[in-house]
Amino acid sequence: MEAEPSSTATTTRITDLNEDSLAHCATYLSLQDLSNLATTCKSLKRVAYSDPIWQHCFREHWPRELLQTSGLREAYLKRRVAVQQFKFVDPLVADLYITDAKPFDHIILDKNDITFSQGSLVQMTNIDSFLNGRDGVTALSDHNARITCMRLFPLSETSLFRSETQRKENVLVTSSCDHSIRLWWKGSCQRCFRGHNGPVLTLSDKLLGDGSAKVLASGGEDGTVRLWSLSSSGKRGQHALKATLYGHEKPIKLMSVAGHRTSLLATISKDSKVRVWDTTTSSAVRSSCCVGMTSVPGAPVDVKCCESLLYVAAGSSVVAIDLRTMQKVITVAIYQPKLCSFAIVPSKPLICTGGIDKAKLWDIRINQETLKPEPVAELDGHTGPVTLLHMDPYKIVTGGPEDSYINVWETDTGAQTNSFICCPSDAASSSSGMGCSAMAVNGTRIVTASYGEEHGLVCFRDFFNATCAVSKREDVLASKFWDPQSYSDGHW
């Protein structure tokens, strides 16, 4: 009889490789993958923390930086956080002067494209084109009344998607007081959706549903919610309207898609009535799609869904509503006399509110046990209402229409990291003073828009390759002085 194979055959494990070989392989991993690798076992954590990996990361992102001989992981992460928090005085800057001295209603920063609206006009420009010496501003004038909302959605969710090479591209969707919704791609209008009996006031922040049947929601002055398929073909958007939902008695001001169920849409009308709709419900009675109702005190400011909670900023308070029960769970913030803006980071138990002359940072955990919530930090130093507010895991960015400066703060502590001008220095020093009309932030980059009596200004800043750090000894005013590396010629 033949002998059976030995059950103790040797196997090779990943930890049998020497650390140099593992470190070399790990240089191909993303930052998230390195973090995951470090949590597997002690030996792989040692590999993930080794200097060769972080030296490679440094050279890949900042090849001109002088490296220390040890502690490269800590140095890399510190540098990464610093550029995310705008802790430098020498970002790359580019200015675009606009001939129309009108308010900027909306602005979006997507990769290297900047899109903004003034009245009924949409304008688009590319940062790379300017830096390479090419002048290119595209004006889109198909709307004939003020644009009320602008959103970006994946091209792959529309009928325009053709190949995998387009997977990372986005389309622009705008709503207008001319009763229409338009879908833009490659510098022209590709679809026009009509159905509202009045101005279209808002669009959903995400597409609703799963799979290939996703829809866009819009809210109008006519008090209706309308659902549109972006996958329908036809220049005029024929057959795109999938449903009209009735129930609100006043114009719909804001809407947000639930985090725990992407078929649920929360809307709030100008009379502060909140409704939640199940957009997958099929019924002859269209109002039966409403699966929950409540109301809040004060004029609506903003709404944001986070998993199964809906945060509603209205009047002088922010309340959290459980979408499963429609019960008010907690009053997160109270800001007298009124709120001007609101932002939240889903990954942190923190929210920020903008008011008059300042913003406030709130910790949801602390305020769960009290009827009178208190802020953990006051972000002081603005002039007038703080209507512009961005919040991400690293930073809070604040601004307003009466203030010439943008302020930056650490998200976790509320400590100020920078302050810089958003308009020409001569305008900031004048009595009229151009404030910030619109703002968009994306990672290490920020774009602001302001206007005065003669022209408008769109200013782009990128802190990724900045090297001159803000001095801790400088006070707030000392961080508002600098003369950054600038590109400006009246176009880009």
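The values are calculated or read from the model by the stated rules, or taken from the named source; none is laboratory data. Remember, it's a predicted structure, so these values are computed and weren't measured experimentally. In this analysis, Cβ positions are derived from the backbone assuming ideal geometry, glycine residues included, and neighbour counts consider all displayed protein chains. These area figures cover heavy atoms from the full protein model, side chains too; ligands, DNA and RNA do not enter into them. Shrake-Rupley method; radii C 1.70, N 1.55, O 1.52, S 1.80 Å.
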Quiz prompt | Pairwise FRET efficiency - residue 194 versus residue 102, Cβ, R0 = 25 Å, nearest 0.05 | solution = 0.45
Quiz item: If we sort 157-170, 249-262 on the protection proxy, mean other Cβ atoms within 10 Å, highest first, what's the order?
Solution: 249-262, 157-170
Exercise. Quick one: pull the percentage of alpha-carbon pairs in the chain with a separation above 40 Å.
Key: 29 percent
Quiz item: What accessible area per residue comes out for the stretch 346-406, rounded to a whole number of Å², with a 1.4 Å probe?
Solution: 43 Å²
Practice problem: Measure off 7 Å from each Cα along the Cα-to-Cβ vector at residue 442 and residue 156, then give the distance between these two points in nanometres to one decimal. | Solution: 1.8 nm
Self-check item: Cβ charges +1 (Lys, Arg) and -1 (Asp, Glu), total dipole of the chain, debye
Solution: 1300 debye
Self-check item: Equivalent-ellipsoid semi-axes of the stretch 142-295, from the Cα gyration tensor, Å, largest first
Solution: 24, 18, 13
Quiz item: Which of the lysines could a cross-linker span from residue 242 if the Cα-Cα distance has to be under 16 Å and same-chain partners fewer than 8 positions apart are dropped?
Solution: 214
Practice problem: Quantify, in whole percent, the carbon and sulfur part of the accessible surface of the stretch 19-83 (1.4 Å probe; protein heavy atoms only). | Solution: 52 percent
Quiz item: Rounded to a whole number, what % of the accessible area of the stretch 146-203 do carbon and sulfur atoms account for, probe 1.4 Å?
Solution: 46 percent
Practice problem: Over the stretch 19-83, give the accessible area per residue in Å² for a 1.4 Å probe, as an integer. | Solution: 64 Å²
Self-check item: ³J(HN,Hα) computed for each position of the stretch 399-415 - Karplus, 6.51 cos²θ - 1.76 cosθ + 1.60, integer Hz, glycine/proline x
Solution: x, x, x, 10, 10, 7, 10, 9, 10, 10, 9, 6, 5, 6, 10, x, 6
Quiz item: When only Cα pairs under 8 Å and 6 or more residues apart are kept, what is the percent relative contact order across the chain?
Solution: 14 percent
Practice problem: Work out how much length residue 331 to residue 24 would gain on full extension: take 0.36 nm times their residue separation and subtract the Cα-Cα distance, in nm to one decimal. | Solution: 105.4 nm
Quiz item: Which of 213, 159, 458 sits farthest toward the positive end of the charge dipole of the chain, with +1 on the Cβ of Lys and Arg and -1 on the Cβ of Asp and Glu?
Solution: 213
Practice problem: Identify, among 440, 346, 251, the residue whose Cα sits farthest towards the positive end of the charge dipole of the chain, taking +1 on the Cβ of Lys and Arg and -1 on the Cβ of Asp and Glu, with the dipole about the Cα centre. | Solution: 251
Practice problem: Would you pull out the residues with amide H under 5 Å of residue 316's amide H, same chain only if 5 or more places away, H placed 1.01 Å from N? | Solution: 339
Quiz item: So if R0 is 25 Å, what FRET efficiency would residue 137 and residue 66 give, r being the distance between their Cβ atoms, rounded to the nearest 0.05?
Solution: 0.05
Quiz prompt | Rough spin-label spacing in nm, given labels placed 7 Å along Cα→Cβ, for residue 372 and residue 74 | solution = 4.3 nm
Self-check item: Rounded accessible area per residue of the stretch 142-295, 1.4 Å, Å²
Solution: 43 Å²
Quiz item: Taking only DSSP H segments of four or more residues, each worth -39500 (n - 2.57), what value at 222 nm results for the chain once the sum is divided by all its residues, to the nearest 500 deg cm²/dmol?
Solution: -3000 deg cm²/dmol
